[in-house]
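Reading through the structure tokens given below for one structure.
The values are calculated or read from the model by the stated rules, or taken from the named source; none is laboratory data. What you see is a predicted model, and the numbers here were worked out from it, not measured in a lab. Here Cβ is always computed from backbone atoms with ideal geometry, including for glycine, and neighbour counts include all displayed protein chains.
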Amino acid sequence: MSKTLILVAHPQLEASRANRALLAAVWWKPGIEIVDLHAGSPEGRIDVEEQVRLLLAADRIVLQFPMQWYSTPPLLKEWQDQVLTRMMYLAYEQEGRLLKGKPILAAVTAGARETDYGPEGRNRFTMAELLTPLQATALRCGLDWQEPFVVYDAREASDEDLKMAGERYAARLSGLSLAAAA
Ligand SMILES: Cc1cc2nc3c(=O)[nH]c(=O)nc-3n(C[C@H](O)[C@H](O)[C@H](O)COP(=O)(O)O)c2cc1C
């Protein structure tokens, strides 16, 4: 069976509501593998070998994280610096080359509202604009960048809102599998 890797990067997953709600909606689905980057990186030490293995074994990659200061949490940036640098620059033939064409989806939760993200809003930039460094990185790695999945207003969301967000997420991941299979 083809595999969707969800790499979750949340500095405090045990205290999360939104990211946990997303995971609760999909963890049981066949072909989904969830990996908690923080739990697997004691004292911030990323197991690069294991991360490379996970990426190579996946047919689709989801990077799931809460937006922090308009960017990824720091450990996910460190993951890019260590894992992608190795794959793309140090071991391109054996590793980086094999990423080509794999769909990658950023699944992002944000505390601010959707209307805050745009030229008229208080954050001035759209979510797509803020995610362009990650998109550029994915494209540089030959990955097939997908339109990001975003949950806005994640702190104020009710349990019911988050349940619905989880359903949207599950549907989006099913669509991602079909897109990749086509
Ligand atoms: C250090 C820090 C920085 C944050 N920066 C942003 C931000 O730039 N934009 C935003 O919309 N929310 C920001 N937030 C809010 C988080 O994105 C929000 O609390 C999270 O997505 C909720 O998901 P959770 O329940 O899984 O923790 C920030 C939160 C923290 C702790």
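List of remarks:
- Per-region count, the range 62-100, residues within 22 Å of P11 (Cβ to Cβ) and either in a loop (DSSP other than H, G, I, E, B) or touching a Lys or Arg at 6+ places or on another chain (Cβ under 6 Å) (or both): 5
- Only one entry in A25, A21 is at pLDDT 95 or above, within 12 Å of the ligand (Cβ to nearest atom) and assigned to a helix (DSSP H, G or I), namely A21.
- Scope the range 15-38; condition of a type in the set (D, E, K, R) and without any contact (Cβ under 8 Å) to a residue 40 or more places away in the chain; matching residues: R20, E33, D36
- Members of the range 155-172 that are within 19 Å of the chain's Cα centre (by Cα) and not in a helix (DSSP H, G or I): R155
- For the range 35-61, a residue qualifies if it is within 19 Å of Q94 (Cα to Cα), not in a loop (DSSP other than H, G, I, E, B) and not hydrophobic (A, V, I, L, M, F, W, C), and the qualifying residues are E49, E50, Q51, R53, R60.
- Of all residues in the range 108-118, none are more than 16 Å from the ligand (Cβ to nearest atom), out of contact with any His (no Cβ under 9 Å at 6 or more places or on another chain) and not polar (S, T, N, Q).
- Residues in the range 1-17 that are within 16 Å of L76 (Cβ to Cβ) and not in a strand (DSSP E or B): A9, H10, P11, Q12, L13, S16.
- The range 67-102 - residue that is away from the ligand (no atom under 16 Å from the Cβ) and charged (D, E, K, R) and, of those, nearest to T132 (Cα to Cα): D81
- Looking only at the range 83-108, residues that are of a type in the set (A, V, I, L, M, F, W, C) and touching a strand residue (DSSP E or B) at 6+ places or on another chain (Cβ under 8 Å) come to 5 in all.
- Hey, P11 at pLDDT 95 or above, under 12 Å from the mean Cα position of the chain (by Cα) and within 9 Å of the ligand (Cβ to nearest atom) or not: no
- Taken over the range 44-66, the criterion of being among the hydrophobic types (A, V, I, L, M, F, W, C) and within 16 Å of the ligand (Cβ to nearest atom) is satisfied by V62, L63, F65.
- Selected residue (criterion: nearest to D36 (Cα to Cα)) from residues of the range 51-105 that are buried (at least 18 other Cβ atoms within 10 Å of the Cβ) and of a type in the set (D, E, K, R): R60
- Selection within the range 110-151: residues that are in contact with a Ser or Thr (Cβ under 8 Å, 6 or more places away or on another chain) and in contact (Cβ under 8 Å) with a residue 24 or more places away in the chain. The member of this set that is farthest from E78 (Cα to Cα) is Y117.
- Boolean, L162 is touching a Gly at 6+ places or on another chain (Cβ under 9 Å) and either in contact (Cβ under 8 Å) with a residue 60 or more places away in the chain or among the small types (G, A, S) (or both): no
- Considering D116, D144, the condition of being of a type in the set (D, E) and within 26 Å of L13 (Cβ to Cβ) is satisfied by D116 alone.
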